[in-house]
Amino acid sequence: SRVISALHLLPAQIVTENGRSPVQYIYAAATLPEYRNTGCMTQLLKAAEDLGTSRGIPFTALVPSVQSLFPYYERSGFVPYFETRTVRISKEELKKLAHGGREKRAQASSRLLASVRTEALGGGVGNLLWDCSAFSFASAYQKAAQGNVFSAAASGYVGYAFFQQEEQTGVVTEAIAQPQVLAGLARQLQGVCRGPLVLFRLPVNSPLFAGQGEISFTGMLKANGGLAALPKGDHPYLGLDLS
């Protein structure tokens, strides 16, 4: 026998109007090509929902790998929920932003950077929060995929950026930082970015490049068993590259 369809469930938390609530995140959902469109994944999604309900986990979250899959997951009860703001910065602009920034990374552990993320996003209803182990996993994956995790400190602030080079475009898949730290991050990013353009994928409410960029849905959420109302957040954010 062999596995023809599978998904994994990772633990996280979501900020609600009444505090933080557990949420399960669907990770690495996939079906062998010859078994697609046979209902395998639909059954797994239902099993994941039932498991969450039995465990007292009110929500399930996921990120479709491509935009065309949003309607597919909607048929299983998921709704577009999490948003990302994408800002396009030219290599020349990045060079200007880097002026005065330090070339070396701040000495920051995964635990510290995870706490930086929680502090930045923990007050926003709808935001997804990850623990230190998830952050460590994301950092390790980023490096294994030939990416980078940069960190910088300035004026008492610490920030970080996950970076991947995609053909001729550099992509900051997540950046959590205050503007005071941007020069340090930009200085490090320009050293690895190839091509004329850098895309910053940010929380909509991030103070970086405020008011710039395009907002789009990048993640979905479902109330397990339909027993809870979805948190009514202001541009909820999932983020963290767990590809």
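The values are calculated or read from the model by the stated rules, or taken from the named source; none is laboratory data. Owing to the predicted nature of the structure, the values given are computational and were not obtained by experimental measurement. Glycine gets a Cβ as well: all are built from the backbone with ideal geometry, and neighbour counts include every protein chain shown. In case anyone asks, the SASA skips ligands and DNA or RNA and just uses the protein heavy atoms, side chains included. Shrake-Rupley method; radii C 1.70, N 1.55, O 1.52, S 1.80 Å.
Counting other Cβ atoms within 10 Å, keep those with at most 15, restrict to DSSP loop, and tell me which GluC sites (Glu not before Pro) in the range 77-133 are left.
Numbers: sites: 83, 92, 93, 103, 119; in loops: 103.
Loop-located and lightly packed - 103.
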Evaluated over the range 143-202, the Cα radius of gyration and Dmax, each in Å: 11.1, 35
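Below 8 Å, C-alpha to C-alpha, sequence gap of six or more: please give me the relative contact order for the chain in percent.
Values: 507 pairs, mean separation 69.5, N = 243.
Relative contact order, the chain: 29 percent.
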Burial order of peptide ranges 4-16, 173-185 (average beta-carbon count within 10 Å, highest first): 173-185, 4-16
Heavy atoms of residue 46: accessible area, 1.4 Å probe, square angstrom to 10: 100 Å²
Accessible area per residue, Å², the range 81-206 with all protein chains present, probe 1.4 Å: 46 Å²
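In what sequence, largest accessible area first, do 143, 104, 91 appear using a 1.4 Å probe? Write out the running numbers ahead of the final one.
Details: 143 120, 104 170, 91 50 Å².
Accessible-area ranking of 143, 104, 91, largest first: 104, 143, 91.
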Rounded to the nearest 10 Å², the accessible area of residue 227 at probe 1.4 Å: 140 Å²
Net length gained if the chain between residue 197 and residue 143 were fully extended (0.36 nm per residue, minus Cα distance): 17.3 nm
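Contour minus end-to-end for residue 132 and residue 109, with contour as 0.36 nm per residue of separation and end-to-end as the Cα-Cα distance?
Result: 7.3 nm gained on full extension.
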Rg and Dmax of the range 28-81, Cα atoms only, in Å: 11.7, 35
Exposure of residue 187 as accessible area (Å², to 10), given a probe of 1.4 Å and all protein chains: 80 Å²
Directionally averaged projected area (convex hull, Cα atoms, the range 1-93), nm²: 9.4 nm²
Portion, in percent, of the accessible area of the chain that falls on carbon or sulfur, probe 1.4 Å: 52 percent
Calculated SAXS-style log₁₀ I(q)/I(0) at q = 0.16, 0.17, 0.19 Å⁻¹ - the range 183-243, Debye, Cα scatterers: -0.74, -0.80, -0.93
Where labels lie 7 Å past Cα in the beta-carbon direction, separation of residue 227 and residue 50 in nm: 1.5 nm
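Evaluate the range 50-200: find the radius of gyration of its Cα atoms, find its Kirkwood radius, and give the ratio Rg to Rh. Don't jump to the answer; show the numbers that get you there.
On the way: Rg = 17.2 Å, Rh = 17.1 Å.
Ratio value, two decimals: 1.01.
With the contact rule set at Cα under 8 Å and sequence spacing of 6 or more, what percent relative contact order holds for the range 1-98? Write down the numbers at each step before the final one.
Working: 90 pairs, mean separation 22.5, N = 98.
After rounding, I find 23 percent.
What FRET efficiency, computed as 1/(1 + (r/R0)^6) with R0 = 30 Å and r the Cβ-Cβ distance, is obtained for residue 8 and residue 88, rounded to the nearest 0.05? Walk me through the numbers on the way to the answer.
Details: r = 33 Å, r/R0 = 1.09.
About 0.40, to the nearest 0.05.
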Amide hydrogen neighbours beyond the local backbone of residue 55, cut-off 5 Å, H modeled: none
Using a Förster distance of 45 Å, the FRET efficiency for residue 119-residue 38 (Cβ separation, nearest 0.05): 0.50
Measure of compaction for the range 62-149 (Cα Rg per 2.2 N^0.38 Å): 1.41
